[in-house]
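*Asks:* Structure in structure tokens, see below.
The values are calculated or read from the model by the stated rules, or taken from the named source; none is laboratory data. Note that the structure is predicted; figures quoted are calculated from it, not measured. Ideal geometry is used to build each Cβ from the backbone, glycine not excepted, and the neighbour counts take in all protein chains shown. Remember, those area values only see protein heavy atoms, side chains included, never the ligands or the DNA or RNA. Shrake-Rupley method; radii C 1.70, N 1.55, O 1.52, S 1.80 Å.
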Amino acid sequence: MSCILQNYNRPPVMALAIPIAVKFLHRGNKELCRNMSNYLSLAAITKADLLADHTEVIVKSILQGNTMLLRVLPAVYEKQPQPINRHLTELLALMSQLEQPEQYHLLRLLHVAAKKKQLE
């Protein structure tokens with residue numbers, strides 16, 4: 001799986017791999033979940049729209065403790081804000097438990113959400 005996901009800069013490959021990678025977020029194996037989170041984060045850098053259909057699963061994984069995925073949410077928010085908005089209060093409640101890098105990503109998400117709200 002990691003060989004396939006290392007092609008994060010190739011959208012056709014990622015379009016096939018991301019739905020499978022997302023399924024591994026809830027398999028209970030922390031190492032596998034961590035690896036998938038890293039690859040999904042790389043995919044979000046180049047093709048966040050491929051992750052948009054999986055926003056609800058990603059948010060639920062974060063709320064279950066996979067805070068590494070917080071870095072994905074600011075990029076995905078533009079494409080799929082509704083699932084994130086539904087859980088924004090729960091995500092914000094995590095702030096005191098997060099390490100500084102995760103806090104930064106959550107603050108970036110809040111900034112993107114506030115900016116979008118302001119434009120509406």
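*Asks:* Note down all Cβ pairs under 7 Å where the first residue falls in the stretch 25-47 and is in contact (Cβ under 8 Å) with a residue 40 or more places away in the chain and within 15 Å of Thr67 (Cα to Cα), the second is in a helix (DSSP H, G or I) and among the polar types (S, T, N, Q), and they're at least six residues apart or on different chains.
*Replies:* Once the first residue is in contact (Cβ under 8 Å) with a residue 40 or more places away in the chain and within 15 Å of Thr67 (Cα to Cα) and sits in the stretch 25-47, its partners that are in a helix (DSSP H, G or I) and among the polar types (S, T, N, Q) give Leu25/Ser61.
*Asks:* Right, next: So is Glu56 touching a Pro at 6+ places or on another chain (Cβ under 8 Å), modelled with pLDDT of 85 or more and surrounded by fewer than 21 Cβ atoms within 10 Å (Cβ to Cβ) or not?
*Replies:* Values: touching a Pro at 6+ places or on another chain (Cβ under 8 Å): yes; modelled with pLDDT of 85 or more: yes; surrounded by fewer than 21 Cβ atoms within 10 Å (Cβ to Cβ): yes.
Taking the combined requirement at face value, the residue satisfies it.
*Asks:* If you check every pair at least six apart or on different chains, which have Cβ atoms under 7 Å apart with a residue in the stretch 56-78 that is closer than 16 Å to Leu98 by Cα and in contact (Cβ under 8 Å) with a residue 24 or more places away in the chain first and a residue that is among the basic types (Lys, Arg) and open to solvent by 10 Å² or more (accessible area, probe 1.4 Å) second?
*Replies:* Note: pairs meeting the criteria are Met68/Arg34.
*Asks:* For the stretch 72-95, which positions are of a type in the set (A, V, I, L, M), farther than 10 Å from Ala113 by Cβ and open to solvent by 30 Å² or more (accessible area, probe 1.4 Å)?
*Replies:* The answer is Ala75, Leu92, Ala93, Met95.
*Asks:* Also, quick follow-up: Is there a residue in the stretch 96-103 that is modelled with pLDDT under 85 and open to solvent by less than 70 Å² (accessible area, probe 1.4 Å)?
*Replies:* No, the stretch 96-103 contains no residue that is modelled with pLDDT under 85 and open to solvent by less than 70 Å² (accessible area, probe 1.4 Å).
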